[in-house]
């Protein structure tokens with residue numbers, strides 16, 4: 001990693017921390033530069049504006065989310081149901097931790113809010129598409145269900161329900177809503193029979 005790459009990574013890490021903790025509108029570029037003991041000139045060399053930094057921070061956060069979901073997908077010790085539970089826990093937990101900045105973006109930075117929705121849709125669509133394909137393969141998901149339709153339903157619910165204004169209206173948290181929302185969809189597509197996950201231990205040899 002070059003010195004410039006290292007500086008950019010440090011800026012992004014601090015920006016994500018500040019935005020998640022205080023909200024986007026309440027954080028200034030001066031505060032980030034001061035916290036990093038970096039001149040504003042250096043900060044603006046990497047990010048030309050606060051909006052550019054905000055968009056990069058959103059992309060970084062969504063990328064980390066994608067990595068967490070991919071890690072669950074690749075874990076062969078988990079069956080389909082356990083992977084679904086893992087997805088729900090990661091998505092709801094991350095959304096819960098980001099509640100402050102999400103409310104702020106929706107209210108005060110509509111362009112960044114729309115960018116976040118776009119990136120979230122892409123990440124959810126890709127990972128859930130892979131998950132449902134694995135579910136069909138394992139016999140846990142009905143083969144006659146059109147995956148694209150399920151993904152579209154999932155994206156619609158995520159966009160329309162996992163929103164700060166809707167959650168406030170419901171008086172519920174993302175951690176409460178998302179597993180229930182996911183359960184409504186899964187009840188309609190699961191077969192109730194699933195091939196067992198691969199054993200985690202070493203295979204036993206033949207008995208003497």
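What the table shows:
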quantity	calculated
Cα-based Rg of the chain normalised by 2.2 N^0.38 Å, two decimals	1.22
Calculated [θ] (222 nm, deg cm²/dmol) that DSSP helices of n ≥ 4 give over the chain, each run adding -39,500 (n - 2.57)	-24000 deg cm²/dmol
C-alpha long axis of helix 3-22 to longest principal axis of the chain, angle in °	80
Ranking of 83, 37, 97, 163 by count of other Cβ atoms within 10 Å, fewest first	37, 97, 163, 83
Chain lengthening between residue 85 and residue 144 when straightened (0.36 nm per residue, less Cα-Cα)	18.9 nm
Net lengthening on full extension, residue 71/residue 22 (0.36 nm per residue, minus Cα-Cα)	14.7 nm
Distance between modelled label sites at residue 152 and residue 5, nm, 7 Å Cα→Cβ extension	4.1
Between segment 1-50 and segment 164-178, the alpha-carbon center distance in angstrom	31
Pairwise FRET efficiency - residue 166 versus residue 36, Cβ, R0 = 41 Å, nearest 0.05	0.70
Potential lengthening between residue 134 and residue 176 on full extension [0.36 nm per residue; Cα-Cα distance subtracted]	12.5 nm
Acute angle (nearest 10 degrees) that the helix 50-74 long axis makes with the longest principal axis of the chain, alpha-carbon atoms	20
Segment 130-155 versus segment 84-115: alpha-carbon centroid distance in Å	24
Contact order normalised by residue count of segment 3-189, Cα under 8 Å, 6+ apart, percent	24
Rounded to 10°, Cα long-axis angle of helix 99-108 versus longest principal axis of the chain	60
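Here, each number is a calculation from the coordinates, and none is a lab measurement. Please read these numbers as outputs of a predicted model, since none were measured by experiment. Note that we place each Cβ from the backbone using ideal geometry, even for glycine, and neighbour counts take in every protein chain shown.
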